[in-house]
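The values are calculated or read from the model by the stated rules, or taken from the named source; none is laboratory data. Source: prediction; values computed, not measured. Because the Cβ atoms are built from the backbone with ideal geometry, glycine has one as well, and the counts that use them run over all protein chains shown.
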Amino acid sequence: MVRTEHRADFLCSAIDKVGSPLCVGIDPVASKLPDQLATLHTLEGFRVFTEGVVDAVTGIAAAVKFQSACFERYGSEGVKLLGDLRSYASNAGLVIILDAKRGDIGISAEHYAASTTAEGPCDWVTVNPYLGLDSILPFLEAGLGVFCLVRTSNPSGDAIQKQQLTDGRTVAEGIADMLFEAGKHYLGESGWSNLGVVVGATKPEEAIALRSRMPQQIFLMPGIGAQGGQAKDVIPCFADGHGALVPASRSVIFPAHNKDWQTDIADAAAKLANTLQVRAT
């Protein structure tokens with residue numbers, strides 16, 4: 001269930017097709033579903049809601065990012081539904097990201113890589129680099145794109161990511177340099193690597209500095225929108241327009257209710273997509 005196209009090249013094509021690097025986060029929460037779905041069983045509500053979100057954002061967003069935990073908490077039925085919904089979104093032409101933040105080595109990492117596409121299609125997966133390249137390479141070798149955590153948008157991440165190494169670099173900078181070197185082996189025709197990174201937009205100066213260390217990595221940039229980050233503050237990160245993918249969840253899938261819920265979602269997605277028409281010059 002892995003596409004044969006180079007992951008980064010396919011993502012660049014998807015961005016070009018819709019004209020925006022918007023990625024809609026699929027993070028369903030039972031208590032926040034539209035009132036019209038309140039009478040449904042939780043997982044059936046998730047199915048109707050997610051399919052509605054996909055229908056609403058197709059042609060506006062380049063990708064969707066499924067938060068695995070929202071489905072895994074419901075056991076095997078939730079995992080099966082996650083696979084079905086990824087198939088639904090993939091068939092709609094959207095790039096599929098599984099936000100699972102895996103982080104293990106050896107045979108365990110190989111199993112996690114295989115499990116990523118066991119229940120449904122997936123193009124990219126998020127991975128934690130704390131164990132080094134041993135926790136990252138199995139996913140790349142399985143044909144997946146990887147977004148590796150480097151500089152996250154959560155405040156407590158500073159306690160680790162801003163610590164200085166003996167050579168004066170921060171932990172985040174050390175990871176960035178490691179990933180840049182490893183990513184050279186996974187470049188596509190677009191010039192972008194299948195080894196991408198997660199860099200929060202809420203720390204724009206650091207994000208821009210990290211772009212100079214990782215010129216071939218696509219940035220998955222949480223923090224624009226609900227968390228206060230602004231695209232105009234991180235324009236260099238977008239490079240040729242393909243350099244950054246901007247995920248938005250709450251601000252898109254749970255917008256203020258003005259019309260019917262699918263129209264509200266489509267309007268919220270379109271509004272955000274219009275603010276992301278930026279690229280470095």
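Data for the structure
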{"item": "Breaking point among (1) among the β-branched types (Val, Ile, Thr); (2) buried (at least 19 other Cβ atoms within 10 Å of the Cβ); (3) farther than 17 Å from Cys23 by Cα, for Ile224", "result": "(3)"}
{"item": "Check on Cys148, under 25 Å from Thr4 (Cα atoms), touching a Pro at 6+ places or on another chain (Cβ under 9 Å) and either at pLDDT 95 or above or assigned to a loop (DSSP other than H, G, I, E, B) (or both)", "result": "yes"}
{"item": "From Gly25, Gly83, Gly78, residue being in a strand (DSSP E or B), at pLDDT 95 or above and either of a type outside the set (A, V, I, L, M) or within 22 Å of Lys271 (Cβ to Cβ) (or both)", "result": "Gly25"}
{"item": "Number of the exception - Glu189 against (1) closer than 24 Å to Glu173 by Cβ; (2) surrounded by fewer than 23 Cβ atoms within 10 Å (Cβ to Cβ); (3) modelled with pLDDT of 95 or more", "result": "(1)"}
{"item": "Helices (runs of 4 or more DSSP H) enclosed by the range 203-275 - at least 1 residues per element that are of a type in the set (A, V, I, L, M, F, W, C), without any contact (Cβ under 8 Å) to a residue 60 or more places away in the chain and more than 21 Å from Gly59 (Cα to Cα)", "result": "204-213"}
{"item": "Residue match in the range 54-66 (condition: among the acidic types (Asp, Glu) and in contact (Cβ under 8 Å) with a residue 40 or more places away in the chain)", "result": "yes"}
{"item": "Condition broken by Leu276, with the remaining ones in (1) under 19 Å from the mean Cα position of the chain (by Cα); (2) farther than 16 Å from Val18 by Cα satisfied", "result": "(2)"}
{"item": "Boolean, Gly83 is under 30 Å from Glu189 (Cα atoms) and surrounded by 17 or more Cβ atoms within 10 Å (Cβ to Cβ)", "result": "yes"}
{"item": "Qualifying residues in the range 135-162 (those that are more than 21 Å from Ala8 (Cα to Cα) and over 17 Å from the mean Cα position of the chain (by Cα)) - the one surrounded by the most Cβ atoms within 10 Å (Cβ to Cβ)", "result": "Gln161"}
{"item": "Test: residue in the range 95-104 that is at pLDDT 95 or above, of a type in the set (A, V, I, L, M), in a helix (DSSP H, G or I) and closer than 18 Å to Ser249 by Cα", "result": "no"}
